[in-house]
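Q: Sending over a structure as structure tokens; questions will come in a sec.
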Amino acid sequence: MPSLDFALIAEHVRVEKNLAYVIAGGTDVITVSQLPIGINLGLLLRISSKRAECGRLHRVEVLVQDEDGERLIHLTATGTPAWKEEWPITWESKQMFGFNFGLPVARYGIHEFVVLINDSQAKTLPFEVARGHSSHQSEDAE
């Protein structure tokens with residue numbers, strides 16, 4: 001099964017030719033002054049595939065849920081990693097996936113991204129929605 005190399009929460013991500021462009025990446029605390037609110041977020045994932053896993057379609061899913069397990073978002077993507085014959089047999093093919101979405105948030109506390117690859121959980125990435133003054137983009141349009 002392909003493996004998850006890393007996952008990064010950001011304000012926005014864009015992937016072009018397997019190169020990532022990230023704005024305000026690396027946070028695990030999102031501060032907002034009021035609820036409910038919609039927060040624009042990005043998630044960057046890099047998946048590694050061994051030679052035998054290349055040339056096949058793989059599915060990536062991202063679930064976002066609150067601390068009670070209520071599902072807020074379900075995102076999906078597919079990709080077919082390529083293999084180059086000149087690579088050493090031990091090499092792995094890398095694919096990046098960038099997700100940008102509006103997250104509806106109704107409560108403060110711990111939330112999490114759950115990343116699945118081909119129906120198997122690859123990573124849980126917790127983050128906190130905290131109360132406080134924020135300059136987050138989604139609040140500027142008041």
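Coordinate-derived values only; no laboratory data. Predicted model, so just to flag it, every value in this text is computed and none were measured. Don't worry about glycine lacking a Cβ; one is built from the backbone with ideal geometry, like all the others, and counts go over all protein chains shown.
Q: Just to be sure I understand: if I project the alpha-carbon convex hull of the stretch 8-72 onto a plane and average over all orientations, what area do I get in nm²?
A: Details: hull surface 25.7 nm².
Reported value for the Cα convex hull: 6.4 nm².
Q: Per 0.36 nm of contour for each residue apart, how much would the distance between Ser48 and Trp91 grow if the chain were fully extended, relative to their Cα-Cα spacing?
A: 14.5 nm
Q: Among Thr90, Ile73, Ala7, whose Cα sits farthest toward the positive end of the charge dipole of the chain (+1 at Cβ of Lys/Arg, -1 at Cβ of Asp/Glu, about the Cα centre)?
A: Of the candidates, Thr90 comes out farthest on the positive side.
Q: Please give the FRET efficiency for Gln34 paired with His12, using the beta carbon to beta carbon distance and R0 = 22 Å, rounded to the nearest 0.05.
A: So the FRET efficiency works out to roughly 0.50.
Q: Which value, in Å³ per residue, describes the convex hull spanned by the Cα atoms of the stretch 1-46? Walk me through the numbers on the way to the answer.
A: Numbers: hull volume 4.5 nm³, N = 46.
So the per-residue hull volume is 97 Å³.
Q: Another question, then. Rounded to the nearest 20 Debye, what is the dipole magnitude of the stretch 43-112 about its Cα centre when Lys and Arg each give +1 and Asp and Glu each give -1 at the C-beta?
A: 340 debye
Q: Can you give the convex hull volume per residue for the Cα atoms of the chain, as a whole number of Å³? All intermediate terms of the calculation are to be shown ahead of the outcome.
A: On the way: hull volume 14.4 nm³, N = 142.
Per residue, the Cα convex hull of the chain comes to 102 Å³.
Q: Work out the P(r) tail for the stretch 47-122: percent of alpha carbon pairs separated by more than 17 Å, whole number.
A: So the portion of pairs separated by more than 17 Å is 53 percent.
Q: Using each residue's phi in the stretch 104-118, evaluate 6.51 cos²θ - 1.76 cosθ + 1.60 at θ = phi - 60° and report the 3J(HN,Hα) Karplus result to the nearest Hz, with x for Gly and Pro.
A: For the stretch 104-118, the Karplus curve yields x, 10, 10, 8, 6, x, 7, 10, 8, 8, 10, 9, 10, 10, 6 Hz.
Q: Extension gain Leu19-Leu103, at 0.36 nm per residue separation less the Cα-Cα distance, in nm?
A: 27.8 nm
Q: Additional query: On a straight-distance basis, which lysines could pair with Lys84 in a cross-link, Cα separation under 24 angstrom, same-chain partners fewer than 8 positions away excluded?
A: Hits, sequence-local ones excluded: Lys17, Lys50, Lys94.
Q: With +1 on each Lys and Arg Cβ and -1 on each Asp and Glu Cβ, how big is the dipole of the chain about its Cα centre, in debye rounded to the nearest 20?
A: Dipole magnitude for the chain comes out near 580 debye.
Q: Could you give the length gained on full extension between Glu70 and Gln121, defined as 0.36 nm per residue of separation minus the Cα-Cα distance, in nm? Don't skip to the answer; put the middle values down first.
A: Values: separation 51, 0.36 × 51 = 18.36 nm, distance 1.71 nm.
Length gained, Glu70 through Gln121: 16.6 nm.
Q: Can you list the HN-Hα couplings for the stretch 28-35, worked out from phi with the Karplus curve (6.51, -1.76, 1.60; θ = phi - 60°), rounded to whole Hz and with x for Gly and Pro?
A: Each residue of the stretch 28-35 in turn: 9, 10, 10, 9, 10, 9, 8, 10 Hz.
Q: Net charge near Ser49: determine it from the other residues with C-beta under 9 Å of the C-beta of Ser49, scoring Lys and Arg +1 and Asp and Glu -1.
A: So the environment of Ser49 carries a net charge of +2.
Q: Here is a follow-up. Quickly estimate the mean residue ellipticity at 222 nm for the chain, helices only: each DSSP H run with n ≥ 4 gives -39500 (n - 2.57), and the total goes over all residues, rounded to 500. Can you show the working numbers first?
A: Numbers: 1 runs with 4 residues, N = 142.
The helix-only estimate for the chain comes to -500 deg cm²/dmol at 222 nm.
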